[in-house]
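So the structure is just underneath, and the comments pick up after that.
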Amino acid sequence: MADPIRRLVQELARLPGIGEKTATRLAFHLIRSNRQQVRDLAQALIDATDKIRLCSVCMNMTEDDPCPMCTDTRRDPEIICVVATPSDLLAIDRGGHFRGRYHVLHGLLSPLEGVGPDDLRIAELVRRIGAAPAGTGVREVIIATSPSVDGEATAMYIARTIKPLGVTVSRIATGLPVGGELEYSDQATIARALAGRATL
Ligand SMILES: [Zn+2]
């Protein structure tokens with residue numbers, strides 16, 4: 001295999017869910033593709049990684065800081081829905097049942113994989129809740145992590161951490177299949193899970 005192809009295969013194989021075999025197939029596909037298409041792909045990768053950053057308020061990925069959701073005055077700033085990933089946020093927001101704000105953790109606590117509280121955006125959530133004087137800021141925090149072991153542990157940890165700040169902490173109902181991934185749940189299930197949330 002020529003060196004530039006080998007390098008391309010190596011880079012592609014670093015992506016999640018892509019093994020050596022798929023990487024090789026993709027590499028040969030790209031090499032055979034129209035030059036302009038490949039340039040467009042490369043430019044899209046560069047633009048996305050250069051221009052996208054984390055919103056300093058909700059930690060979601062955005063081009064503008066603060067992001068459009070954090071500046072949308074039609075969204076209730078007193079309710080924050082805490083999610084593990086930007087794709088979970090999209091899954092919940094697609095249904096349009098939740099009209100508050102969000103906070104993205106970027107992962108779940110996982111002692112087995114060495115993910116601790118400092119690896120997640122929990123400190124930013126605490127700061128966000130504490131920023132407003134008591135009674136004027138966040139009223140409720142809904143923790144919408146998946147009902148997996150890590151999702152439950154993360155919900156419990158966050159509840160313990162933010163309850164002393166005087167907010168109501170609730171957890172989405174377990175209408176989701178156990179161990180089920182939020183991002184793959186249908187809108188009716190997510191709506192039920194939100195409506196049936198229980199105070200922690
Ligand atoms: Zn934001």
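Just so you know, in region 16-29 the residues that are open to solvent by less than 40 Å² (accessible area, probe 1.4 Å) and at pLDDT 95 or above include one that is nearest to the ligand (Cβ to nearest atom), and it is Ala23. If you go through region 44-80 and keep only what is part of a helix (DSSP H, G or I) and surrounded by 13 or more Cβ atoms within 10 Å (Cβ to Cβ), you end up with Met69, Cys70.
Could you grab me the full set of residues in region 86-128 that are in a loop (DSSP other than H, G, I, E, B), of a type outside the set (Gly, Ala, Ser) and farther than 19 Å from Thr73 by Cα? Correct list: Leu105, His106, Leu108, Leu109, Leu120, Arg121. Residues in region 56-88 that are more than 10 Å from the ligand (Cβ to nearest atom) and aliphatic (A, V, I, L, M): 5 in all.
Screening Ala91 with (1) touching a residue at least 60 places away in the same chain (Cβ under 8 Å); (2) among the aliphatic types (A, V, I, L, M); (3) within 16 Å of the ligand (Cβ to nearest atom) gives one miss only, at (3).
Yes/no per residue for (1) surrounded by fewer than 17 Cβ atoms within 10 Å (Cβ to Cβ); (2) at pLDDT below 95:
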site	(1), (2)
Arg94	yes, yes
Phe98	no, yes
Arg101	no, no
Pro111	yes, yes
Pro117	yes, no
Ile122	no, no
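Taking the conditions exactly as written (crowded, with 19+ Cβ neighbours inside 10 Å, at pLDDT 95 or above, aliphatic (A, V, I, L, M) and more than 18 Å from Glu78 (Cβ to Cβ)), does Leu176 satisfy them or not? No. Taking the conditions exactly as written (at pLDDT below 90 and farther than 25 Å from Met69 by Cα), does Gly135 satisfy them or not? When the stated conditions are applied, Gly135 does not pass them.
The values are calculated or read from the model by the stated rules, or taken from the named source; none is laboratory data. Note that this is a predicted model, so its numbers are computed, not measured. A quick note on method: Cβ atoms are made from the backbone with ideal geometry, for glycine too, and the neighbour counts reach across all protein chains shown. The area values use the complete protein model at the heavy-atom level, side chains included, leaving out ligands, DNA and RNA. Shrake-Rupley method; radii C 1.70, N 1.55, O 1.52, S 1.80 Å.
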